[in-house]
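Chemist: I have a structure I would like to understand better, so I am pasting it below and will then ask my questions one at a time.
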Amino acid sequence: MSNKMWGGRYATGPAAIMEEINVSIDFDKALWRQDIRGSKAHVAMLARQGILTTADAAAITDGLTQIEGEIASGSFTFSRALEDIHFNIESRLTEIVGPTGGRLHTARSRNDQVAVDFRLYVRDTIDELDAQLADLQRALAETALAHADTIMPGFTHLQSAQPVTLGHHLMAYVEMHGRDRSRLMDARRRLNESPLGAAALAGTSFPIDRHMTAAALDFDRPMANSLDCVSDRDFALETLSAASICAIHLSRFAEEIVLWTTPQFAFVSLSDAFTSGSSIMPQKRNPDAAELVRGKAGRIVGALNALLMTMKGLPLAYGKDMQEDKEPTFDALSSLSLCIAAMTGMVRDMKPDDARMKQWAGAGYSTATDLADWLVRTLDMPFREAHHVTARLVGVAAAKGLDLDRLGLDEMQAVEPRITQDVFAVLGVENSVASRMSYGGTAPEQVRRQARRWIEALDGEAAAQG
Ligand code: ARG
């Protein structure tokens with residue numbers, strides 16, 4: 001059988017392998033809501049412009065509403081022979097309303113139709129991801145506020161460097177996700193122009209009103225060039241790029257959770273809700289959710305690369321290559337959504353071991369910088385010299401197997417005679433942390449201030465959204 005949607009010139013149906021490579025309904029059915037929304041806006045405009053009669057437009061709109069119900073309830077039969085979501089819906093429309101259904105596609109092509117659907121889908125997804133990221137930020141900021149005083153080692157090169165607070169560490173991710181959200185919103189702003197009305201590529205001879213359909217679909221304006229409308233997917237690339245950066249951020253915290261939950265670190269524990277046991281080793285609690293967040297970053301970045309390669313060198317305007325835009329985008333955005341949800345769950349679930357973190361915060365001469373700073377402040381020593389003196393003191397302590405604050409004053413004075421008893425005040429981790437009052441520093445007071453500022457901002461956003 002030749003294709004009933006475009007088969008006028010075709011005597012026979014497609015080779016089986018042609019249908020197999022061409023068909024997209026298995027994945028583009030995800031666009032059904034957007035497709036119907038776009039069609040309703042289009043048909044309302046056709047009627048207002050006198051291109052369709054009001055009676056035809058009403059019949060088509062009712063038919064589309066019926067189809068919406070059928071798909072939502074699961075009673076709609078998707079057909080692979082009908083290729084994609086656009087043909088599936090249009091074919092059903094004609095079944096319901098008769099030949100009038102065939103008038104819906106006046107002054108439109110699947111090329112601008114799919115461009116609208118996909119833009120609307122990506123826009124809807126951005127809004128969902130933004131709300132999810134706000135929730136993750138809230139979980140992080142609330143946990144940070146509760147742990148503004150919880151001391152832990154801060155690392156560079158994954159070696160204990162200086163003591164910080166757990167709250168400070170968590171707030172770093174609040175900042176990163178704030179930028180993730182702003183990148184997504186930035187992509188949304190540029191995405192928000194309507195391609196509808198470009199038709200196949202050149203525009204149409206019908207007196208359509210593209211401003212009307214743009215407004216009906218909550219776009220800021222129609223796109224200004226019909227070739228551009230149907231041929232670019234940069235909005236998906238930008239969104240995948242923002243999604244990739246976000247996934248990379250999530251993977252870093254996921255990796256830290258993996259590390260922190262090992263018995264060797266034992267900084268935090270996760271409950272049964274976010275771990276799984278081993279089939280052979282009864283003692284194990286594996287942080288599977290964190291590992292999967294770490295792992296899924298790979299496929300999200302992979303999707304960005306896949307679409308970049310699909311678009312590379314593609315001549316204008318539409319090419320069927322572009323049907324390859326959907327699977328990676330759908331997969332990456334739903335994977336990201338899952339990762340954000342899992343991470344939010346883990347943040348709310350995790351139980352920090354304050355004593356254990358504090359113990360390790362003091363290990364590895366982590367207050368050596370505080371000692372050097374004391375020499376600068378109290379003895380007016382140039383920092384470079386203070387660095388050398390401190391290194392010698394660390395050497396003495398290491399030779400004796402002691403922490404810095406366990407050295408005797410006499411042992412210190414043997415290295416630098418002007419050192420006084422006061423120095424011990426800066427060698428404790430609490431003092432070290434409390435002294436880091438510079439803006440953005442790890443002092444509990446600073447951390448509380450930042451956490452409260454974010455919680456207030458998130459409350460404000462939530463209130464504005466009603
Ligand atoms: N399924 C197609 C896609 O996703 C719809 C557009 C088809 N356009 C065409 N000229 N064959 O790109």
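Chemist: Whole number please: convex hull volume per residue of the Cα set in region 185-240, in Å³? Don't skip to the end; give the middle numbers.
Modeler: Numbers: hull volume 4.0 nm³, N = 56.
With only Cα atoms used, region 185-240 gives 71 Å³ per residue.
Chemist: If I compute solvent accessible area with a 1.4 Å probe over the protein chains, what percent of it on region 73-184 is carbon and sulfur?
Modeler: Summing carbon and sulfur atoms, their accessible area is 49 percent of the total for region 73-184.
Chemist: Suppose a student asked you for the relative contact order of the chain, using Cα pairs under 8 Å spaced at least 6 residues apart; what percent would you report?
Modeler: The normalised contact order for the chain reaches 17 percent.
Chemist: Run the reach check for K40 against lysines, Cα to Cα strictly under 28 Å, same-chain hits fewer than 8 apart removed. What comes back?
Modeler: Straight-line reach from K40, under 28 Å: K4, K29, K320, K326.
Chemist: Over the Cα atoms of region 1-67, how large are the radius of gyration and the largest Cα-Cα distance (Dmax), in Å?
Modeler: That works out to 15.9, 43 Å for Rg and Dmax.
Chemist: Still on this structure, I have one more. Leaving out same-chain residues fewer than 8 places away, which aspartates and glutamates sit with a Cα under 19 Å from that of K312?
Modeler: Filter leaves D228, D232, D234, E238, D321, E324, D325, E327.
Chemist: Another question, then. Quick one: length gained pulling E291 to D209 fully straight, 0.36 nm per residue minus the C-alpha distance?
Modeler: Taking E291 through D209 to full extension adds about 24.4 nm, to one decimal.
Chemist: Find, to one decimal place in angstroms, the Kirkwood hydrodynamic radius of region 78-166, where the mean of 1/r is taken over every pair of different Cα atoms and then inverted.
Modeler: Across region 78-166, the inverse of the average 1/r is 18.3 Å.
Chemist: How big is the equivalent ellipsoid of region 150-192 along its three axes, where each semi-axis is √(5λ) from the Cα gyration tensor, reported in whole Å from largest to smallest?
Modeler: 33, 11, 4
Chemist: Only helical DSSP H runs with n ≥ 4 go in: add -39500 (n - 2.57) per run for the chain, normalise by residue count and round the 222 nm mean residue ellipticity to 500 deg cm²/dmol.
Modeler: -20500 deg cm²/dmol
Chemist: Over region 255-316, calculate the relative contact order: mean separation of alpha carbon pairs under 8 Å at least 6 apart, over the residue count, as a percent.
Modeler: Here the relative contact order equals 24 percent.
Chemist: Sticking with this structure for a sec: Please compute the modelled spin-label separation between F78 and V394, points set 7 Å along Cα→Cβ, answer in nm with one decimal.
Modeler: The two pseudo-label positions are separated by 6.0 nm.
Chemist: Another question, if that's okay. Determine Rg/Rh for region 218-311; Rg is computed over alpha-carbon atoms and Rh is the Kirkwood hydrodynamic estimate from the same atoms.
Modeler: Details: Rg = 20.0 Å, Rh = 16.2 Å.
Ratio value, two decimals: 1.24.
Chemist: On average, how much accessible surface per residue is there in region 334-418, in Å², for a 1.4 Å probe, leaving out ligands, DNA and RNA? Numbers along the way, then the final one.
Modeler: Working: 4260 Å² over 85 residues.
On a per-residue basis, 50 Å².
Chemist: How large is the Kirkwood hydrodynamic radius of region 138-287, in angstrom, based on all distinct alpha carbon pairs? Display every interim value, and only then the final one.
Modeler: Details: mean 1/r = 0.0510 Å⁻¹.
For region 138-287, inverting the mean 1/r across all distinct Cα pairs yields 19.6 Å.
Chemist: For E445 and A414, compute 0.36 nm times the residue count separating them, minus their Cα-Cα distance, and round to one decimal in nm.
Modeler: This chain segment gains 7.5 nm when fully extended.
Chemist: If one computes the Cα centroid of region 168-247 and of region 420-435, what distance in Å separates the two points?
Modeler: If we compute the Cα centre of each part, the gap is 53 Å.
Chemist: Reachable aspartates and glutamates from K284, Cα under 20 Å, same-chain residues fewer than 8 places away excluded?
Modeler: Here the aspartates and glutamates satisfying the reach criterion relative to K284 are E255, E256, D272, D349, D353.
Chemist: Tell me the volume per residue, in Å³, of the convex hull enclosing the alpha carbons of region 208-270.
Modeler: Spelled out: Cα convex hull of region 208-270, divided by residues, is 118 Å³.
Chemist: Between the helical axis of 54-73 and the dominant principal axis of the chain, each derived from Cα atoms, what acute angle in degrees is found, rounded to the nearest 10?
Modeler: Value to nearest ten degrees: 50.
Chemist: Report the label-to-label distance for L259 and S279 in nanometres (one decimal), using points 7 Å from each Cα along the Cα→Cβ vector.
Modeler: 3.1
Chemist: When the scattering of region 274-402 is computed by the Debye formula from its Cα atoms alone, each counted once and equally, what is log10 I(q)/I(0) at q = 0.14, 0.20, 0.23 Å⁻¹?
Modeler: -0.83, -1.11, -1.26
Chemist: In whole angstrom, how far apart do the alpha carbon centroids of region 1-53 and region 350-408 sit?
Modeler: 71
Chemist: Same structure, new question: Just want to confirm a number: the relative contact order over region 1-87, from Cα pairs under 8 angstrom separated by 6+ residues, in percent.
Modeler: Rounded, it is 44 percent for region 1-87.
Chemist: A follow-up question, please. Using only Cα atoms and rounding to the nearest 10 degrees, what angle (0 to 90) does helix 166-191 make with the longest principal axis of the chain?
Modeler: Taking Cα atoms only, the helix is inclined about 20 degrees.
Chemist: Right, something else. Hey, how many Å between the Cα centroid of region 104-146 and the Cα centroid of region 278-344?
Modeler: Region 104-146 and region 278-344 have Cα centres spaced 16 Å from each other.
Chemist: Same structure again: Considering only protein heavy atoms and a probe of 1.4 Å, how much of the accessible area of region 377-427 is carbon and sulfur, as a whole percent?
Modeler: Carbon and sulfur together cover 52 percent of it.
Chemist: A further question follows. Averaged across orientations, what area in nm² does the convex hull of the alpha carbons in region 19-121 project?
Modeler: Mean shadow area of the hull around the Cα atoms is 6.2 nm².
Chemist: For the chain, what is the convex hull volume of its Cα atoms per residue in Å³?
Modeler: 205
Chemist: Same structure, new question: Against the longest principal axis of the chain, how steep is helix 234-260, in degrees 0 to 90 to the nearest 10, with axes from Cα atoms?
Modeler: With both axes taken from Cα atoms, the answer is about 30 degrees.
The values are calculated or read from the model by the stated rules, or taken from the named source; none is laboratory data. Because the structure is predicted, anything quoted here is derived from the model rather than measured. Note that each Cβ is placed from the backbone with ideal geometry, even for glycine, and that neighbours are counted across all protein chains shown. For the accessible areas, the whole protein counts, side chains as well, though only heavy atoms, and no ligand, DNA or RNA atoms are used. Shrake-Rupley method; radii C 1.70, N 1.55, O 1.52, S 1.80 Å.
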